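Report on one structure; see the data block that follows.
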Amino acid sequence: MDLYIDTANLDEIKQAADMGVLDGVTTNPSLIAKEKYDYVKRLTEICAIVKGPVSAEVISTEYAGMMEEGRKHAKIAPNIVVKLPSTIDGLRACKTFSDEGIKTNLTLCFQPLQALMVAKAGAFLVSPFIGRLDDVAEDGMDLIRKIRAIYDNYGYKTKILAASVRHPKHMVECALAGADVATVPFSVIKQMMGHPLTDVGLKKFLEDYKKAFGG
Ligand code: G3P
C-alpha cells in the first residue's frame, strides 16, 4: 500500500519524507490556502523533496480552464499529477490528459459510478473521500470496497487513493479493503507508528538493562 501525505506544509512533508516510507503528496486548494503561499512555488519545492506522485489541483470548473491550468501544473516537474474534480468537465479533461500521457487524480469522489467513469477515462488515481462520507452518516469504507470490486471485475488500472482519512482506524480498514494508496494528514502518519505498550515495553527493557549492567 502506498502512503501519501495530505498537506502543502513543507516542514511536515520533510519530516514524513525523512521517515523513509513516503510515496507521494496530495495538495488541494484548501490546504494551500492554509499555507498562504504561492501554489506553483510550493509545488516546485515539494517536487524537489518527493520524487513520487505530487497531486496539483486545478481551480477551474470548466474543461478549457482545467486544461490550461493542468498543462501549466504538469510542466512544473515530471512527477506532477493533475488533480481534477469528479465532474463531467473533470472527466473530459481526464480523458484528454490521459490521451496525452499526463497523469490525473480525480478527486471529490463520493459514489462508485464516478470511480467507474474516471477509470474508463484513464485516470491514474481516483480519490474517494471516506471521512466526509462518515461525516454525513454514510459509510466511507463501503465506497472503497465497492470501487475495489468494480475495478477488479474489469481490470481497471486506476489506483484507489483513499482520501479524507481522519484516524488510524481508517488506515487499517483501507488496507484491509485493498485501497492502493492512502493520503494521510501528518498527525495520523505519526499515530501509525505508535502504541502505548511499545513505549511501556521499551522503557522496561532499558530499565532492566540498566539495573543489570549500569550506565
Ligand atoms: O485528501 C482530501 C482531504 O484533504 C480532505 O480531507 O479531512 O478535509 O475531509 P478532509
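Miscellaneous remarks
- The orientation-averaged projected area of the convex hull spanned by the Cα atoms of the range 91-215 comes to 10.8 nm².
- Probe 1.4 Å, accessible area per residue of the chain, Å²: 53
- Computed log₁₀ I(q)/I(0) - Debye formula, equal Cα scatterers, no solvent, the range 87-150, q 0.15 Å⁻¹: -0.44
- Once you reduce the range 47-120 and the range 168-215 to the center of their Cα atoms, the two points are 34 Å from each other.
- GNM result for the chain, Cα springs below 10 Å: residue of L161, L31, L197 fluctuating most strongly: L197
- Relative contact order (%) - criterion: Cα under 8 Å, at least six apart; region: the range 29-137: 19
- The chain: proportion of alpha-carbon pairs further apart than 30 angstrom, %: 26
- Its Cα gyration tensor gives the range 9-54 an equivalent ellipsoid, and the semi-axes of that ellipsoid, as √(5λ) in whole Å with the largest first, are 18, 10, 9.
- Reduced Cα scattering model of the range 17-136, Debye log10 I(q)/I(0), q = 0.14, 0.15, 0.16, 0.18 Å⁻¹: -0.57, -0.66, -0.75, -0.93
- Using θ = phi - 60° and Karplus 6.51 cos²θ - 1.76 cosθ + 1.60, couplings along the range 15-32 (whole Hz; Gly, Pro as x): 4, 5, 5, 4, 5, x, 10, 8, 9, x, 9, 10, 10, 8, x, 5, 5, 6
- Near V81, the amide H atoms lying under 5 Å from its own belong to V54, S55, A56; only residues 5 or more places off or on other chains count, and H is placed 1.01 Å from N.
- Percentage relative contact order, the chain, counting C-alpha pairs under 8 Å, at least six apart: 17
- Under the Debye formula (equal points on every Cα, no solvent term), log10 I(q)/I(0) of the range 164-215 at q = 0.27, 0.28 Å⁻¹: -0.99, -1.03
The values are calculated or read from the model by the stated rules, or taken from the named source; none is laboratory data. As the structure is a prediction and not an experimental result, all values here were calculated from the model. Areas reflect the complete protein model, heavy atoms only, side chains present, ligands, DNA and RNA absent. Shrake-Rupley method; radii C 1.70, N 1.55, O 1.52, S 1.80 Å.
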